[in-house]
Amino acid sequence: MRQVSAKVIPCIERAMDLNPATETADVAVIGAGAAGLLAGIGAARAGARTVVYERMATPARKIAIAGGGRCNFTNTLDARAFVRRFGDTHAAKLGHALRAFSNDELLALLARHGVEGQVERGYRIFTKSGRGSDVAEALVAELKEAGAALVCDARISALRRGAAFILEGRFGGCDERRKARTVVVCTGGLSYPTTGSSGDGYAWARALGHTVTPLRAALVGLTVEETWPAALQGLSWPDAEAALGRHGRDAHATKPLGVERGEILFTHFGISGPAILDLSNVLVASGLQRAALTVDFLPDVRREELDAQLLARLRQYPNRTVARALEGFMRMPPRLLEHFETALEAGGSPLAGRLTKEARQRLLGLLKQTSLVVNGTRSVEHGEVTAGGVAWGEIEPATLESRVCPSLFFAGEILDVAGRCGGFNLQAAFSTGFLAGRSAARRALGRIPEPTETPRSHRA
Ligand SMILES: Cc1cc2nc3c(=O)[nH]c(=O)nc-3n(C[C@H](O)[C@H](O)[C@H](O)COP(=O)(O)OP(=O)(O)OC[C@H]3O[C@@H](n4cnc5c(N)ncnc54)[C@H](O)[C@@H]3O)c2cc1C
């Protein structure tokens, strides 16, 4: 698991003449991650006296480690393309949020605080500085400018509804209560609990009448039956095409459940890397326990062409072992070539000049169509995101207000939505956070009518 940045971002204890310890806030936001910081900004900009409570000593730890520490915070896609590419059946529910706070607005906000993005691999936007913590700092600075308070070391343990919401918890080491007219729950999922997200909000959602759909790991490494990937632990290949299919069928030959292209990484548990993480969401959505994974290590080279090049290379070095004869071939790492040589089962270390046509065809098959049996994913704590969450049927997408508990709002990963790699999850958290915060402010200040409750039978 990656190390969490220990950089201290100062908290803002008071806002808009509100003393959160003694007075009722208009909006309380629980959790200062991507969604919570934007919820605070949205609420405070709308004029509400807003407090953001964060259990950790510093906010937004996940933003700081996102994208391998470089933070792929958004992408260049417009709202329509974003929803289409998101990779979750509930993505359409994000339309209102993406229009309320778009990727362009995020880029402009960050630019005001000196944080620039750079486009990589098509449409992904990473920090130019290579420091995800810059994004977190910029958002906290914006929160301060907007006039919200940020209280860290404040773990909320219970959320109750009365005339106002009561937030019970430990504030700076003392058990106390806080009050708020409206609450935005932004406590995240179950992934990477060392960053602070351990799923506290789900219990409150259930207690206040919400359905929480089954929680599963998403964007997570796949475990496999074969043992050889573990022997290659740490080895990555930058550009493979991986296809996931039903177990017992060749995923490339039959209609695959999903095909992804990109980096793959062999690990002690099986296989990971961006292409595999995206396929993990397909596996989780399919509900399958086992699946077939085929990997094409050289997707740009046609089989016939590869065969001709292989033959030429093997003939060039007839007295070398296959792995040695192929040294540097298509920039393949020696450990991978040695694995292929072993997997040929051609007896010991076969000499290139003695390799039969059948063995060469098997080698070709390994390069173009290595098969693995996927038997699960790593646990939810190891996923980059959590699939499942507060059910959309009980949430009004235009405001993100609860239809079963008025004045309660949800944003970010706690909602039943999990996207693919490429800045989708953070932008979804930022956008839903902003919309929920702004809506909560409008509700607290009496600017929007009470929602109508959805009968349970009508909830999707
Ligand atoms: C390793 C890793 C890399 C990732 N890389 C990317 C990437 O590059 N691009 C991308 O788009 N997405 C990425 N993601 C996913 C993305 O970071 C999350 O989807 C996003 O951060 C979710 O935001 P959130 O605000 O809903 O939840 P979180 O960011 O998890 O924030 C929840 C906050 O709530 C606080 N909290 C929880 N319970 C309480 C409580 N009881 N009281 C007070 N506070 C509480 C937590 O401490 C935390 O600060 C990555 C995730 C991981 C784990």
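Quick note: the coordinates plus some simple rules give every number you see, no bench work behind them. These figures come from a predicted structure and were not determined experimentally. Using ideal geometry, Cβ is built from the backbone for each residue, glycine included, and neighbour counts are taken over all protein chains shown.
With N residues in the stretch 221-377, what two-decimal value do you get for its Cα radius of gyration over 2.2 N^0.38 Å?
Numbers: Rg = 15.6 Å, N = 157, 2.2 N^0.38 = 15.0 Å.
The stretch 221-377 yields a ratio of 1.04.
Relative contact order (percent) for the chain, with alpha-carbon contacts under 8 angstrom and 6 or more residues of separation?
On the way: 1084 pairs, mean separation 108.5, N = 460.
So the answer I get is 24 percent.
All other residues whose Cβ lies under 14 angstrom from that of R302 are scored, Lys and Arg at +1 and Asp and Glu at -1, for a net of -4. In the chain, helical runs assigned H by DSSP with n ≥ 4 each contribute -39500 (n - 2.57); averaged across all residues and rounded to the nearest 500, the mean residue ellipticity at 222 nm is -9000 deg cm²/dmol.
In terms of overall dimensions, the stretch 128-189 has a Cα radius of gyration and Dmax of 14.7, 47 angstrom.
Placing a pseudo-label 7 Å from each Cα along the Cα-to-Cβ vector at N375 and A398 gives an inter-label distance of 5.1 nm. Straight-distance candidates among the aspartates and glutamates for linking to K62, with alpha-carbon spacing under 14 Å and chain neighbours fewer than 8 residues away dropped: E54, D134, E137, E381, E384, E413.
From largest to smallest, what semi-axes in whole angstrom does the stretch 303-460 give when each is the square root of 5 times an eigenvalue of its alpha carbon gyration tensor?
That gives 61, 15, 12 Å for the three semi-axes.
Pick out the long, greasy-scoring helices in the chain: whole DSSP H runs spanning 15 Å or more along their own axis by Cα, mean Kyte-Doolittle at least 1.0. Don't jump to the answer; show the numbers that get you there.
Values: long enough: 34-45 (17 Å, 1.28); 132-146 (22 Å, 0.27); 274-286 (19 Å, 1.36); 303-316 (20 Å, -0.87); 357-369 (17 Å, -0.82); 424-444 (29 Å, 0.15).
Span-like helices, by this rule, are 34-45, 274-286.
Taking packing as the residue-averaged number of other Cβ atoms within 10 angstrom, the listed peptides 76-86, 193-203, 168-178, 268-278 run from highest to lowest as 268-278, 193-203, 76-86, 168-178. Put a plus charge on the Cβ of each Lys and Arg, a minus charge on the Cβ of each Asp and Glu, and nothing anywhere else: the dipole of the stretch 221-377 about its Cα centre is then about 420 debye.
Taking only the alpha carbons of the stretch 71-122, we obtain Rg and Dmax values of 11.9, 36 Å in that order. Since only A429, T213, L139 are under comparison, the one whose Cα sits farthest along the positive direction of the charge dipole of the chain, derived from C-beta charges on Lys, Arg, Asp and Glu, is T213.
Within the stretch 153-199, the ratio Rg/Rh, alpha carbon atoms throughout and Rh by Kirkwood, equals 1.01.
Given in Å, the Rg to one decimal and the Dmax to the nearest whole number for the Cα atoms of the chain are 25.2, 85.
DSSP loop trypsin sites (Lys or Arg not before Pro) in the stretch 215-279 with at most 14 other Cβ atoms within 10 Å of their Cβ, which ones?
Numbers: sites: R216, R246, R249, R261; in loops: R249.
Passing sites in the stretch 215-279 are R249.
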